[in-house]
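Trainee: Here's a structure for you.
The values are calculated or read from the model by the stated rules, or taken from the named source; none is laboratory data. Being a predicted model, the structure only gives us computed values, none of them experimental. In this analysis, Cβ positions are derived from the backbone assuming ideal geometry, glycine residues included, and neighbour counts consider all displayed protein chains. Surface accessibility is based on the protein's heavy atoms, side chains included, excluding ligands, DNA and RNA. Shrake-Rupley method; radii C 1.70, N 1.55, O 1.52, S 1.80 Å.
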Amino acid sequence: MIGFIFSRQSDETLMLRAARGSERAFEELYSRYALRLKGFFCRQNSCRHLADDLTQDVFLRAYAARHTWREGKKVEPWLFSIAYNLCRNTWRHQQVESRWTEENEQTGADGAIMPSIEVELDCATLDRALHEILESLSDESRMLFSLRYEEEQSIAVIAGIIGIPEGTVKSRLHKLINNIKIQLKRYED
């Protein structure tokens, strides 16, 4: 009999009762709008599981905000505005996730980070080009590059190994790196 009483009341009356603590009134609102909202979400996302989750989120948010609902406000547009905002948030999240996936590396089956095939090809091309440039350098320049950037030696240690002042090491490294940058400029894009 109580269910019958609630089923004959307007949405706004049910929301007022729910705001005052009536669980049954809120359940009636849920039964009136859950399928419609799920259908709305299905049309927006075409994923039943996501539609179920978002429908639940609408009612969780409505339930949490039931005490702030104002008399005279229509319930249906209020629920659908919550649904619309959830859709927008979901779309934004999906766009960010999609962009991140496209821009970043993917995880391999063993959990290791694997670069995308484009990144691998770009790195291989750049490695080949750098190797060719290094092969074309004088023995002294190649040694200088190797000590600084492959062996990661300090300027002072390199100066001691080669037997030249630190300022000369810095100057030669600066010229060497600028020369390499110029030759690799075609690979910037």
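Trainee: Might you let me know whether the stretch 3-25 holds any residue that is within 29 Å of Trp91 (Cβ to Cβ), of a type in the set (Phe, Trp, Tyr) and either touching a His at 6+ places or on another chain (Cβ under 6 Å) or surrounded by 11 or more Cβ atoms within 10 Å (Cβ to Cβ) (or both)?
Mentor: No, that holds for no residue.
Trainee: Name the residue, out of Leu126, Leu144, that is hydrophobic (A, V, I, L, M, F, W, C), open to solvent by less than 60 Å² (accessible area, probe 1.4 Å), in a helix (DSSP H, G or I) and in contact with a helix residue (DSSP H, G or I) (Cβ under 7 Å, 6 or more places away or on another chain).
Mentor: Selected residue: Leu144, the only one of Leu126, Leu144 that is hydrophobic (A, V, I, L, M, F, W, C), open to solvent by less than 60 Å² (accessible area, probe 1.4 Å), in a helix (DSSP H, G or I) and in contact with a helix residue (DSSP H, G or I) (Cβ under 7 Å, 6 or more places away or on another chain).
Trainee: Among the residues of the stretch 12-57, which ones are among the charged types (D, E, K, R), at pLDDT 90 or above and assigned to a helix (DSSP H, G or I)?
Mentor: Glu12, Arg17, Glu23, Arg24, Glu27, Glu28, Arg32, Arg36, Lys38, Asp52, Asp53, Asp57
Trainee: One residue is enough: does the stretch 80-87 have a residue meeting the conditions of a type in the set (Ser, Thr, Tyr), surrounded by 12 or more Cβ atoms within 10 Å (Cβ to Cβ) and touching a helix residue (DSSP H, G or I) at 6+ places or on another chain (Cβ under 8 Å)?
Mentor: No, the stretch 80-87 has no match at all.
Trainee: Quick one: how many residues across the stretch 29-55 are under 24 Å from the mean Cα position of the chain (by Cα) and surrounded by fewer than 18 Cβ atoms within 10 Å (Cβ to Cβ)?
Mentor: Of the residues in the stretch 29-55, 9 are under 24 Å from the mean Cα position of the chain (by Cα) and surrounded by fewer than 18 Cβ atoms within 10 Å (Cβ to Cβ).
Trainee: Could you tell me whether the stretch 180-188 includes any residue that is outside any helix (DSSP H, G or I), open to solvent by 50 Å² or more (accessible area, probe 1.4 Å), within 16 Å of Leu130 (Cα to Cα) and at pLDDT below 85?
Mentor: Yes - at least one qualifying residue is present in the stretch 180-188.
Trainee: Among the residues of the stretch 147-167, how many are assigned to a helix (DSSP H, G or I) and exposed (fewer than 12 other Cβ atoms within 10 Å of the Cβ)?
Mentor: Residues flagged as assigned to a helix (DSSP H, G or I) and exposed (fewer than 12 other Cβ atoms within 10 Å of the Cβ) within the stretch 147-167 amount to 3.
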